[in-house]
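What follows is a set of notes on a single structure, which appears directly below.
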Amino acid sequence: MGIPRTTFVRDKKDVLPAIERVGGAPVVIKLIEGTQGIGVLLAESVTQATSIVELLQSQKQNVLIQKFVAESKGKDVRAFVVGDRVVAAMRRVAQGQEFRSNVHRGGIAEPIELDEQYRETAVRCAQILGLQVAGVDMLEGEDGPQVMEVNSSPGLEGIETCTELDIAGAVIDYIAAQVDFPEIDLRQRLTVSKGYGVTEIYVPEGSKFIGQTITETQLAESDINILTLYRGDKIIPNPRNERVLEPGDKLLCFGKLESMRGMIPVKTKRKRRPVIQDLDTQIVDTPDESTEKEDS
């Protein structure tokens, strides 16, 4: 998933290397903490960025320097995620010379329908952070969505007013549907049986399982069950037996520990390189005293 290049700056002397790492000026400077666009500044040049960072750090503020996504200047997308779907989305557009699109800063919001790539990115962000409800802010970059931030407590007023959707109702319905399915520690529950456990198994290039269906791998015959298959950004729970495995797949498995141990690639230990020490020049250059006596 796309994220604008970002670096943390500790000191004034770090500004120039940081700007070079993110691709050069202009850059966006952000405080670590802030809401509604407060603490987000646009620096058009290195000199301007240095001055801003110096001022902020004089106030004991931690600072991030982030690539400025020029093609998305003055606008962004807010996707409201509930569970495993986007229930509403809006585009926020800044007004005048303001580059921040926050509605609280005068930005205008318009309802939009997100395409699949943007929806999947928003849901994936929420899942990675373990959030059931989230507001995901994205820029519309040339290479697709660029994730700016994920809000664990997103506001409702702005997006409900813009989209005229009952988002609060969607949140309530989701919570009500989850009451009968409380979160449990699956790993803890499944490792109670002696000799059984849960582990993740990586399918590397050259694995004998590549190109085979789950049935053809005969893992079930070895008392190994695949609970979830991770493929890139996709999560496939309880994959079907006809699913074909590919290089790079990661399998969350439950089964006999001995059987699963044989599937885990052996880690090769790195040989430690011998440390070559310089010769002591004093020992080399100083003549042996006994030799001097014999010569005399």
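The values are calculated or read from the model by the stated rules, or taken from the named source; none is laboratory data. Values in this document were obtained by computation on a predicted structure and should not be read as measured data. Here Cβ is always computed from backbone atoms with ideal geometry, including for glycine, and neighbour counts include all displayed protein chains.
Within the stretch 5-31, residues that are among the aromatic types (Phe, Trp, Tyr) sit with their Cβ atoms under 7 Å from residues that are modelled with pLDDT of 85 or more and part of a strand (DSSP E or B), at 6+ positions apart or across chains, in these pairs: 8/64. Residue check: residue 200 meets all listed conditions (1) part of a helix (DSSP H, G or I); (2) modelled with pLDDT of 85 or more but one, namely (1). The selection criterion, being modelled with pLDDT of 90 or more, assigned to a loop (DSSP other than H, G, I, E, B) and either outside the structural domain of residue 125 (by TED's automatic domain parsing) or not small (Gly, Ala, Ser) (or both), holds for residue 247. Restricting to the stretch 73-111, count the residues that are of a type outside the set (S, T, N, Q), assigned to a loop (DSSP other than H, G, I, E, B) and at pLDDT below 90. Looking only at that region, the number is 9.
Is there a residue in the stretch 160-169 that is touching a strand residue (DSSP E or B) at 6+ places or on another chain (Cβ under 7 Å) and within 25 Å of residue 32 (Cβ to Cβ)? Scanning the stretch 160-169 turns up no residue that is touching a strand residue (DSSP E or B) at 6+ places or on another chain (Cβ under 7 Å) and within 25 Å of residue 32 (Cβ to Cβ).
Considering only residues in the stretch 134-169 that are in a helix (DSSP H, G or I) and not acidic (Asp, Glu), the one that is modelled with the lowest pLDDT turns out to be 158. Against the condition in contact with a Ser or Thr (Cβ under 9 Å, 6 or more places away or on another chain) and modelled with pLDDT under 85, how does residue 264 come out, does it pass? For residue 264, the condition - in contact with a Ser or Thr (Cβ under 9 Å, 6 or more places away or on another chain) and modelled with pLDDT under 85 - is met.
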